[in-house]
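Right, one structure below, let's go through it.
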Amino acid sequence: MRIPKPESWVEVRPEGLYVRPGRFHVDPTRPVPKAVITHGHADHARAGHKAVLATPGTLAIMAARYGVEEGQARQALSYGEPVNIGEVELRLHPAGHVLGSAQVSLTYRGSRIVVSGDYKRRRDPTCPPFEPVPCDVFVTEATFALPVFRHPPDSEEIGKLLHSLALFPERAHVVGVYALGKAQRVIRLLREAGYDAPIFIHGALQGLCALYEAQGVALGPLLPALAREKEEFRGRLVLAPPSAIADRWSRRLPEPVTAVASGWMRVRQRAKQRGVELPLVISDHADWDELCQTLADVGAPEIWVTHGREEALVHHARAQGIRARALALVGFEEEGQ
Amino acid sequence: MKPFAALLDALIFMPSRNGKLRLMTEYFVTTPDPDRGYALAALTGDLNFRGAKPALVRQLVAERVDPELFGWSYDFVGDLAETAALIWPERPTNRDWPHLAEVVEALNGAGRAEVPALLAGWLDALDATGRWALLKLITGGLRVGVSARLAKTAVAAIGGQDVAEVEEVWHGLTLPYEPLFAWVEGRAERPNVAAGAGFRPLMLANPLEERDADSLDIALYRAEWKWDGIRVQMAAKGGERRIYSRTGDDISGAFPDLLEAMEFDAVVDGELLVLRDGAVAPFNDLQQRLNRKSVTAKMLRDYPAHVRLYDLLFEEEEDLRPLSFDARRLRLEQWHGRVAPKRTDLSPLIPVSDIESLRHLRAGARDQSIEGLMLKRADSPYLAGRPKGPWFKWKRDPLTLDVVLMYAQRGHGKRSSFYSDYTFGVWREEAAGGPILVPVGKAYSGFTDEELLRIDKWVRAHTTNRFGPVREVEPGLVFEVAFDSAHPSPRHKSGYALRFPRIHRIRWDKPIEEADRIEAVAGLVAV
Ligand SMILES: [Zn+2]
Ligand SMILES: [Zn+2]
């Protein structure tokens, strides 16, 4: 049997990547009959699909986000377990991005395409590490695909935050974090660094923190940052979505030191523009070196680039003798903004 | 280099002035000579390296990084030093971080051909923050939100001195300022700077509040016009000639015509103006001469510089500052009559009888070259800084306009969660489609905290568009803005700009249709 060309069975449609022989989409941006979801971030996991397949963690996150959707068929699949959909064999492998995040490995008549969703390579105490899966086409994100993006070790960044807390004990420290993944990872990293005081969290983080706890990620004492006296926040850590810290919400805090934990914080001008006083370079996406390393580890002769700075990663891959093209998918946001 | 890099990194993110001061003072106290002296020079803009230019940085990076990747990165980051610092490929090295002094001294001693290798070696030894600091340092312009004066204030704070005292000795010092640190730390005498054309801190006036005017014992004061130019000090001593701004910045380079006229041995205080056929030109004309690196013959011809003298600080070796205002004024008149330097005249004294006639004079002073009156105690010595009591400025009443809020921008520091910077406009009739709003200025002061809260709320409820930190609002809120003068400005869409606008009153009550029109602005442009 002849091995089919990858683009003959996985194609880009306006609503996202479509796997023709299995009649399903991966991370579609509009409601479809059947969707395979890599992870729970809102731009990958949308509401309204008739049928959904994902890891148990991702399904739990979607249920927390959208409620249990009426009439939706949900199929949980653990990492490594095979399932056949039409003629396609599908497996999920850890992506190391957030709790439940998975790469989707698709095999059809001897041709294998791996859709990685979002991923990172460094250790994350809240989810299992990325597993390289050999394949013919590796579909990769490119959020931080410029060589200026090199995320320093997490421990250094957490150290900066703890140092600032010691330096300004009279001020609240408010850290802007993405509600899913970043918040829980930052909390875990703080606990690992020996910070065991209660951490205040914005209402938007409460549900997901409880979900992580229920999934076995211990976060230590957390307190809602609601209806409290200003004085209670002095010398304390407060975690909130980035949108809240630049807004009226932060006025309840005494002289807050504004921190944001994001890969974008690597660029001073960007951090400054956003009025950040303490930039923390902590990202759930691969940095430039991790992206390049992953292309080498996976060893695919061809890559497709989904969202981010596609041109730079395509350029780099071609220089390594890897065929590369940008998929021009629409509807993906830059996470952690 | 490590403490210096950490300092710059902390400064760039520190929004408050006091926080910046605290960071710098802490650095100066904990960093030994000569590193801290070089850091001070970097912060005051007194370090210059000839061999290290942005082009060299690009060239070094180009040798190690794919040019396409560098190009995209530079587009994304937008700053050469930062892009180069972040993109520099790290490789294992056993070199230590260089000291700041080592960097400065090596660069100063190096020939042009040696600079690239020196720089590359340091870039390999440093981390990303260190590389950024190094590249900022050598390519000039740190842009960490610190003025020369603020850096000097931080040095003065070490020993509890006033910044004026540091400024006074500053121009007699050379890198790396060891005697300065020894003095502020109380380990040595004050450096001697009597000779030389160094800057002597100016004596400044406090504003006279209307309600205080009547209680002033006017017989003790002398009155002068307050001219609408910029305050300068001309220092010509020992063959050296310099012109300083009010804050001690050396602006000599922009005024070769004045320098040429400084054929004297003295230090004088006066107002820099553009004077054409004996008449003071609008402030806008003077602006053409400011902040210029090079001056063309045409500019010298079109905008001739002139200094209207207020005071005499030194006559040859004699320090006149301890004398009374009356005594100095007499000496100034005698000196000016004798030496008669070109491009100068004396600011005339105005006869004073009572406060009412002064008030009358001030109200009538609509000539745009006059900002108001100065009142100086006859017995006041010339003191550095802004002492309370001896000198007052009594500005004429501001002009006002009713304008419409167009855009609001988030403030900084404490105000970063508030929309506190306002761009406002007036109506202009368009040939088709009726009147439109055209911006005439920006204001971010003149309101109380409660008012700010209320405007902020209004802005959020009436936003029609967002551009980063800026919100466009639907026309609906009228401000009465006060300002010192209006002048034509080709840079503004409206064709006019206002000087020192601030919010005078918030006219919640006023319909926007009743706000002023562009013709009203035109009518306030004097002469
Ligand atoms: Zn994601
Ligand atoms: Zn994504």
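The values are calculated or read from the model by the stated rules, or taken from the named source; none is laboratory data. Values in this document were obtained by computation on a predicted structure and should not be read as measured data. Don't worry about glycine lacking a Cβ; one is built from the backbone with ideal geometry, like all the others, and counts go over all protein chains shown. Heavy atoms of the whole protein, side chains included, go into the accessibility calculation; ligands, DNA and RNA do not. Shrake-Rupley method; radii C 1.70, N 1.55, O 1.52, S 1.80 Å.
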Probe 1.4 Å, protein heavy atoms only - accessible area per residue of segment A:154-280 in square angstrom: 38 Å²
Out of every Cα-Cα pair in segment B:399-524, what percent are more than 26 Å apart? 16 percent
Please enumerate, by chain and number, the lysines with C-alpha under 18 Å from the C-alpha of A:K50, excluding those fewer than 8 residues away in the same chain. A:K34
Between segment A:239-276 and segment B:279-315, the alpha-carbon center distance in angstrom: 45 Å
Mind checking the full-extension length gain between A:T29 and A:E81? Use 0.36 nm per residue of separation minus the Cα-Cα distance, one decimal, nm. 16.2 nm
Please report the antiparallel percentage of the DSSP beta bridges confined to the protein assembly as shown, to the nearest 5. 70 percent
Work out the charge dipole of segment A:154-280 with +1 on the Cβ of Lys and Arg and -1 on the Cβ of Asp and Glu about the Cα centre, then indicate which of A:Y178, A:L239, A:Y195 is farthest towards its positive end. A:Y178
Using 5 Å bins from zero, what percent of all Cα-Cα pairs in segment A:120-222 falls into each bin? 2, 10, 18, 21, 18, 14, 9, 5, 2, 1, 0, 0
Write down the Å³ per residue value for the convex hull defined by the alpha carbon atoms of segment B:2-139. 109 Å³
Surface/4 of the Cα convex hull for segment A:182-337, nm²: 11.6 nm²
Percent carbon-and-sulfur accessible area, the protein assembly as shown, ignoring ligands, DNA and RNA, probe 1.4 Å: 51 percent
Entries of B:K226/B:K342; B:K136/B:K293; B:K152/B:K493; B:K136/B:K298; B:K2/B:K152; B:K376/B:K442 with Cα pairs more than 29 Å apart: B:K152/B:K493; B:K136/B:K298; B:K376/B:K442
Potential extension, B:A365-B:R491 segment - 0.36 nm per residue separation minus Cα distance: 42.5 nm
Counting other chain Cβ atoms within 10 Å of each Cβ in A:302-315 and taking the mean gives 1
What would the Debye formula give as log10 I(q)/I(0) at q = 0.16, 0.23, 0.25 Å⁻¹ for the alpha-carbon point model of segment B:240-306, no solvent? -0.53, -1.11, -1.29
Each label point is 7 Å from the Cα along the Cα-to-Cβ direction; what then is the distance between the points at A:A73 and A:R123, in nm? 4.2 nm
Residues of segment A:207-250 with amide N under 16 Å of the 7 Å Cα→Cβ point at A:D196: A:218-222
Restricting things to alpha carbons, tell me how big segment A:6-108 is in terms of Rg and Dmax, in Å. 12.5, 36
To the nearest Å, what is the center-to-center distance of segment B:406-452 and segment B:1-79, using C-alpha atoms only? 34 Å
Relative to the present Cα-Cα distance, how much length would full extension add between B:N192 and B:R517 at 0.36 nm per residue of separation? 111.2 nm
Return the FRET efficiency for the residue pair B:D397, B:E429: r is the Cβ-Cβ distance, R0 is 30 Å, and the value is rounded to the nearest 0.05. 0.55
Residue-normalised value, i.e. accessible area per residue, for segment B:2-139 at 1.4 Å probe, in Å², stands at 43 Å²
Ignoring solvent entirely, what values of log10 I(q)/I(0) come out of the Debye formula for the protein assembly as shown at 0.05, 0.06 Å⁻¹ when each Cα is a single scatterer? -0.39, -0.55
Need one number: the % of Cα-Cα pairs in segment B:325-444 sitting beyond the 21 Å mark. 66 percent
If I ignore ligands, DNA and RNA and count only protein heavy atoms, how much of A:H25 is accessible to a 1.4 Å probe, in Å² to the nearest 10? 10 Å²
Residues of segment A:262-297 that become at least 20 Å² less accessible with every protein chain present than in their own chain isolated, using 1.4 Å: which are they? A:R266, A:V267, A:R268, A:Q269, A:R270, A:K272, A:E277, A:P279
Nitroxide proxy distance, nm - points 7 Å out along Cα→Cβ at A:E7 and B:D319: 8.2 nm
Please compute the modelled spin-label separation between B:R415 and B:D162, points set 7 Å along Cα→Cβ, answer in nm with one decimal. 2.8 nm
Evaluated at q = 0.15 Å⁻¹: base-10 log I(q)/I(0), Debye formula over Cα of segment B:206-395: -0.94
With only Lys, Arg, Asp and Glu charged, each at its Cβ (+1 for the first two, -1 for the last two), find how big the charge dipole of segment B:399-524 is about the Cα centre; round to the nearest 20 debye. 580 debye
